[in-house]
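One structure below.
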Amino acid sequence: MNNQLNVPITGGCFCGGLRYRVDQQPFGQANCHCRACQHATGGAYAPVLLVPTAALVIEGEYREYQSSGDSGHTVTRVFCGHCGTTVFAATTRVETMRPIYAVTLDQPELFSPTLDAWTDFAQPWVPMDESLPKFRRDLPAESAGLPPPPRRRR
């Protein structure tokens with residue numbers, strides 16, 4: 001990741017009942033354009049901070065909603081049961097990483113995406129930063145703290 005953030009990184013939901021802290025640098029920062037993220041956020045894509053699962057500390061009560069992602073894996077979205085803010089997600093595909101929704105950061109202005117993922121599902125009316133790498137489907141392995149595949153195809 002090119003841009004280091006000061007840790008701990010903190011954030012939470014709209015009403016403040018669900019808070020989190022991240023005690024390590026994120027693996028990356030991405031704009032996810034998959035349909036599941038579009039539905040979950042009510043927007044054209046989800047700007048997410050990709051954090052190590054072990055570094056995420058949650059305080060407060062929350063609810064979960066599970067669905068099948070475009071990858072075919074189960075995606076669990078975690079949200080505040082009081083105000084409804086979706087705060088982060090998890091996928092059965094990768095247990096080592098949790099995408100945190102950038103707008104829930106205490107300092108969301110620090111978010112700086114390094115790639116666009118699932119661009120096959122991007123809405124045609126949303127301009128994308130042409131300087132960012134594009135992945136037609138899933139994120140690269142490094143975004144989840146995994147080693148890159150030996151014979152990566154783009």
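Any read-out appearing in this document is the output of simple, stated calculations on the displayed coordinates, not a laboratory observation. Just so it is clear, the structure is predicted and the values come from calculations on it, not from any experiment. Methodologically, a virtual Cβ is constructed for each residue, glycine included, from the backbone with ideal geometry; neighbour enumeration extends over all protein chains shown.
Sorting 15, 80, 37 by the number of Cβ atoms found within 10 Å of their own Cβ, with the fewest placed first, yields 15, 80, 37. Let me know the longest stretch in the chain that avoids all GluC sites (Glu not before Pro) found in a DSSP loop with at most 12 other C-beta atoms within 10 Å. Longest gap between qualifying sites, sites excluded: 1-60.
Run lengths n ≥ 4 of DSSP H only: what is the helix-derived mean residue ellipticity at 222 nm for the chain, with -39500 (n - 2.57) per run over all residues, to the nearest 500? Spell out each step's value before the answer.
Details: 1 runs with 7 residues, N = 154.
Only helices count here, giving -1000 deg cm²/dmol.
Whole-Hz Karplus values for the range 104-111 come out as 8, 5, 4, 10, x, 5, 7, 5 Hz, taken residue by residue from phi with 6.51 cos²θ - 1.76 cosθ + 1.60 and θ = phi - 60°; glycine and proline positions read x.
If a spin label sat at a point 7 angstrom from the Cα of residue 58 along the line to its beta carbon, the backbone N atoms of the range 3-43 nearer than 19 Å would be those of 9-24, 26-27, 37, 40-41. 3J(HN,Hα) along the range 44-49: 6, 6, 10, x, 10, 8 Hz, from the Karplus curve 6.51 cos²θ - 1.76 cosθ + 1.60 with θ = phi - 60°, whole Hz, x for Gly and Pro. Taking 0.36 nm per residue of separation and subtracting the current Cα-Cα distance, fully stretching the chain between residue 24 and residue 44 would add 4.4 nm.
Put a dot 7 Å past the Cα of residue 6, heading toward its Cβ, do the same for residue 92, and the two dots end up 4.1 nm apart. Taking other residues whose beta carbon is less than 10 angstrom from the beta carbon of residue 59, and scoring Lys, Arg as +1 and Asp, Glu as -1, yields +1.
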